[in-house]
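Contents: one structure, followed by commentary.
The values are calculated or read from the model by the stated rules, or taken from the named source; none is laboratory data. All values reported here derive from a predicted model rather than from experimental measurement. Cβ placement follows ideal geometry from the backbone for every residue including glycine, while neighbour counts extend to all protein chains displayed. When the accessible area is computed, the model is the full protein with side chains, heavy atoms only, and any ligands, DNA or RNA have been set aside. Shrake-Rupley method; radii C 1.70, N 1.55, O 1.52, S 1.80 Å.
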Amino acid sequence: MTSPSVQKPASFTIRISVATAKYPLVQTYLQSEGYRGFILTDLAAPQSFTSTRQPPSCTLGIPSLFSSKTRELILTSSHKRTTFDISTSNKQPTNNQVIMAPKKKLTSMQFLDKIKGDSVDIYVGPQKKHYRLPKDLLRYYSGYFDRCFNGPFIEGQTQKLTLDKDKIEDFEILAEWMLRGDGVKFTTSKPGAAGYEACIEFAKYTDKYELGEACEAICDALKNIAMEGTFGLGYLSSSPVQGSDIDLIYRITSPENPLRAVFTNFVLSVTGLKHLEQFSKQEQVVEGYAANLLQTMRKCMTPGQPCEWKDPFTTKSRYD
C-alpha cells in the first residue's frame, strides 16, 4: 500500500527592485516572510526570493502587483515604480527603468480642499516639538506619510507620528513647502565644502519622505556657496561634487524642478570645464543631465568672442 503523496504548497516569487528596497515597509514584509537576516542596504541589484505562503492581498501597505500566471509578487512604491513585463517568468526588472511620478503642485481650490479635513500630530526632534498638520495634504505629497497615517500601523491607529531623530529646521522646511508650494529656502552658515554637504544631506532628507521636489529649497544656498570662490579654480581636488550627488538630484526631482538647472550650473562652476569628464558616466545614464549641461555651457560662452574647438573629423582647430 503506497502512502499518499504530500502536496507541497505552491510557491511564488517576491521580486524587489533597487528603487523600492530602501523603504522600511519592505523590510517589515520580508521579516514577516521569514527573511529576518536580510539587510536592505546590501541590496545592490534587483533580487528575488521564494515564499511558500499565499501572496497577501495587502502587503502591509506596500503597493504591489501579483501575477497569478507567473506567481510573482512585485513590490513597488507610490513614488517610484520599476517597469517590466510580468507576462513571462524569466523577465527581470532592470535597475535603470525607474519612472519618477512627482505630485503636481495643488491649485488654490485643491489646496483648500486638502486642508479642511482631519489633522495629524507629528512630534519632531529630541525635544519632540509638536506640529498639527492637515492629513490629506501630507498624504497627497508624500507616500511615506500616506502609508503611516493610512495603514495598519500604530501611526494609522493613533494618527500620531514621532520623528525624534529629525532636525526641526529640516522638517519645518518640508512642512512649509507642502503648505506654501514654493518660495521656501534652506540656509546654512557653513562655507565651502561643508555648506555643500549640508545641502546634499537636506536633499537626502527630502528623499527619505518621498518629497524630493522640496529640495528646490537648496537653490539659493548652492548659488551662494559657488559665488564664495572657494572652488573657483576648478581643480579636481577642490570640487566637492560626487557622481552620486548628480544621480541623487536628478532621481528625486522632476525635469521642471529649478534645482536641476541650478545644480548643473553648480557642477560646472566648482568643477571647471577641464574636469567635467569625471562625470562622463552621469552624462550617459542620468536622464536630462547631459542636455542641461550642454545648455549651461552654451550660455557660458561669451557672445562675439572666438572659442577654440577641434573638428571631430579633421581634428583641426576651429573658431566658428
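Here's the yes/no breakdown for (1) of a type in the set (S, T, N, Q); (2) at pLDDT 95 or above; (3) farther than 25 Å from residue 142 by Cα; (4) open to solvent by less than 20 Å² (accessible area, probe 1.4 Å):
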| residue | (1), (2), (3), (4) |
| --- | --- |
| 201 | no, yes, no, no |
| 208 | no, no, no, no |
| 218 | no, yes, no, yes |
| 235 | no, no, yes, no |
| 255 | no, no, no, no |
Checklist entry - Pairs under 8 Å by beta carbon, first residue among the acidic types (Asp, Glu) in the stretch 272-301, partner part of a helix (DSSP H, G or I) and modelled with pLDDT under 90, six or more apart or different chains? => result none
Next on the checklist: If I filter the stretch 302-320 down to residues being modelled with pLDDT of 80 or more and not β-branched (Val, Ile, Thr), which single residue comes out as most open to solvent (accessible area, probe 1.4 Å)?
Outcome noted: 316
Next on the checklist: Can you find, within the stretch 130-176, the residue that is modelled with the lowest pLDDT among those that are assigned to a loop (DSSP other than H, G, I, E, B) and buried (at least 19 other Cβ atoms within 10 Å of the Cβ)?
Outcome noted: 142
Next on the checklist: Tell me yes or no: at least one residue of the stretch 179-194 is on the phi < 0 side of the Ramachandran plot, open to solvent by less than 30 Å² (accessible area, probe 1.4 Å), in contact (Cβ under 8 Å) with a residue 40 or more places away in the chain and of a type outside the set (Gly, Ala, Ser).
Outcome noted: no
Checklist entry - Could you count how many residues in the stretch 291-319 are in a loop (DSSP other than H, G, I, E, B) and closer than 30 Å to residue 260 by Cβ? => result 8
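This table checks each residue for (1) open to solvent by 30 Å² or more (accessible area, probe 1.4 Å); (2) more than 20 Å from residue 200 (Cβ to Cβ).
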{"residue": "259", "(1), (2)": "no, no"}
{"residue": "265", "(1), (2)": "yes, no"}
{"residue": "270", "(1), (2)": "no, no"}
{"residue": "275", "(1), (2)": "yes, no"}
{"residue": "279", "(1), (2)": "no, no"}
{"residue": "284", "(1), (2)": "yes, yes"}
{"residue": "289", "(1), (2)": "no, no"}
{"residue": "295", "(1), (2)": "yes, yes"}
{"residue": "299", "(1), (2)": "yes, yes"}
